[in-house]
Amino acid sequence: MIDIHHLRLQLPEGYAGRAPHIVRLLGRALADAPTAGSADLARLQVGPVTLPAGASDRQAADCIARAIRAQLPGAV
C-alpha cells in the first residue's frame with residue numbers, strides 16, 4: 001500500500017483544469033500497484049515526467065505513477 005500525505009503536482013500548461021481528474025486517476029494507479037516491501041519516506045521527488053503529446057488524463061496519471069513507483073525502494 002502506498003500512503004501519500006502531501007502531493008505537489010505541477011502539470012504543463014493546458015492541464016490545469018484536468019488536474020483533479022488526473023490526481024484521482026493517479027491515486028487509483030498507485031493503489032493498484034503491488035509494493036515490494038515497507039518503507040517510510042519523508043520525501044520523494046520525481047520529475048520532470050515527459051507526457052506524450054495530447055496525453056489523456058489516464059495516460060498522464062499512468063506516466064506519473066510509473067515515475068513514482070520507479071523511485072520507491074525495491075522498485076524493479
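Values as computed for the structure displayed
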{"quantity": "Accessible area per residue in Å² at 1.4 Å probe, computed on the stretch 2-76", "calculated": "75 Å²"}
{"quantity": "Whole-percent carbon and sulfur share, accessible surface of the chain, 1.4 Å", "calculated": "50 percent"}
{"quantity": "Of Leu30, Leu41, Leu51, the one that fluctuates the most in a GNM where the chain has Cα springs shorter than 10 Å", "calculated": "Leu41"}
{"quantity": "The chain, helix-only ellipticity at 222 nm - DSSP H runs n ≥ 4, -39,500 (n - 2.57), divided by all residues, nearest 500", "calculated": "-12500 deg cm²/dmol"}
{"quantity": "Cα-based equivalent ellipsoid, the chain: semi-axes from gyration tensor eigenvalues, Å", "calculated": "22, 12, 12"}
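The values are calculated or read from the model by the stated rules, or taken from the named source; none is laboratory data. Because the structure is a prediction, the values reported are computed rather than measured. Remember, those area values only see protein heavy atoms, side chains included, never the ligands or the DNA or RNA. Shrake-Rupley method; radii C 1.70, N 1.55, O 1.52, S 1.80 Å.
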